[in-house]
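Trainee: This is the structure I want to talk about, given as structure tokens.
Any read-out appearing in this document is the output of simple, stated calculations on the displayed coordinates, not a laboratory observation. None of the values given here were measured: they were computed from a predicted structure. Please note: Cβ atoms are built from the backbone with ideal geometry, for glycine as well, and neighbour counts cover all protein chains shown.
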Amino acid sequence: MAFENYELNEMQFDALKEIGNIGSGHAASALSSMLDRPIDMNVPQINILDYNDVVNNLGGPENVLAGILMSLTGDVSGMIMFLIHKPFVELLLSNLLGMEVEDLDLDEMSQSALKEVGNIIAASYVNAIAELTGLSIEISPPELCIDMVGSVLSLPAIYYANISDKIIFIKDELDKEDAASSQIILIPDVDSLKKIMESLGLADI
């Protein structure tokens, strides 16, 4: 059964928003600790989109960004991807490594730093799901791809059709002073989405 045939009601969508809010709060705390400075995140925007809408929301297929992909296993199966635009990459690497970024042709140390950030941010959202549901979820080691949006999303595109027809799209924005944004793409398989809702007492569609 495809995600598009598993329609979420208002209460279930509100539950996804709450997961996004908690995950965003955890992510802000983690970033504050990593960067040793206060980080404020606006309330995340959460939508359920198809692949083409995700591409458009990321600035179009030729926009260049960094994507960190991780698989989800355990009680929840699927994938999660943390997407970082160039201003956010510059902010992170400047604070973490004290280096300026002119383009996204990064050395091994910079790539490793981004993977670690992606792993921590993804864990913030996955832990939010686990906290609310009591489910056990494991995250695979992160894989980094820096390329145009169309290429970065090629791996999820290959698999997402077999997992889901829709993608949970979470957009975070840092405070206006930083003017940096990032996105989370969460693609649980349908059985996992049903399990999440059942664990929240929201199984009735």
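Trainee: Taking the Kirkwood radius as the inverse of the mean 1/r across Cα pairs, report the Rg/Rh of segment 89-165.
Mentor: Checking Rg against Rh, the ratio lands at 1.04.
Trainee: What ranking, highest mean first, results for peptides 94-100, 70-76, 185-191, 133-139 when packing means the other Cβ atoms within 10 Å averaged over each residue?
Mentor: 185-191, 70-76, 133-139, 94-100
Trainee: Do the sum for the chain: with -39,500 (n - 2.57) for every DSSP H run of n ≥ 4, divided by all residues, what is the mean residue ellipticity at 222 nm, to the nearest 500 deg cm²/dmol?
Mentor: -15000 deg cm²/dmol
Trainee: Something else about it: Quickly work out the Ala203-to-Ser136 label distance, labels modelled 7 Å from Cα along the C-beta direction, and quote it in nm with one decimal.
Mentor: Output for this residue pair reads 2.1 nm.
Trainee: Ok, one more. Under DSSP H, which helices of the chain have Cα atoms covering 20 Å or more of the helix axis and a Kyte-Doolittle average no less than -1.0?
Mentor: The qualifying helices are 10-35, 108-133.
Trainee: Quick one: length gained pulling Asp103 to Lys17 fully straight, 0.36 nm per residue minus the C-alpha distance?
Mentor: 27.6 nm
Trainee: Only four residue types carry charge here, +1 at the Cβ of Lys and Arg and -1 at the Cβ of Asp and Glu. Report the dipole size of segment 1-147 about the Cα centre in Debye, rounded to the nearest 20.
Mentor: Taking the Cα centre of segment 1-147 as origin, the dipole is about 360 debye.
Trainee: Another one. Along the Cα→Cβ direction, 7 angstrom out, place labels at Asn57 and Glu7. What is the inter-label distance in nm?
Mentor: If labels sit at Asn57 and Glu7, their model points lie 2.0 nm apart.
Trainee: Checking the cross-link filter: which lysines have an alpha carbon closer than 29 Å to that of Lys166, excluding same-chain neighbours under 8 positions apart?
Mentor: Qualifying lysines at Cα under 29 Å: Lys17, Lys86, Lys115, Lys194, Lys195.
Trainee: Starting from 0.36 nm per residue, how many nanometres of slack lie between Asp36 and Asp50 once their C-alpha separation is accounted for?
Mentor: The span from Asp36 to Asp50 would gain 1.4 nm if fully extended.
Trainee: May I ask for the percentage of alpha-carbon pairs in segment 1-87 that lie more than 14 Å from each other?
Mentor: 78 percent
Trainee: Using a/c under 1.5 as the rounded threshold, could you call segment 12-163 rounded, prolate or oblate? The axes a ≥ b ≥ c are square roots of the C-alpha gyration tensor eigenvalues, and prolate needs a/b larger than b/c, oblate otherwise.
Mentor: oblate
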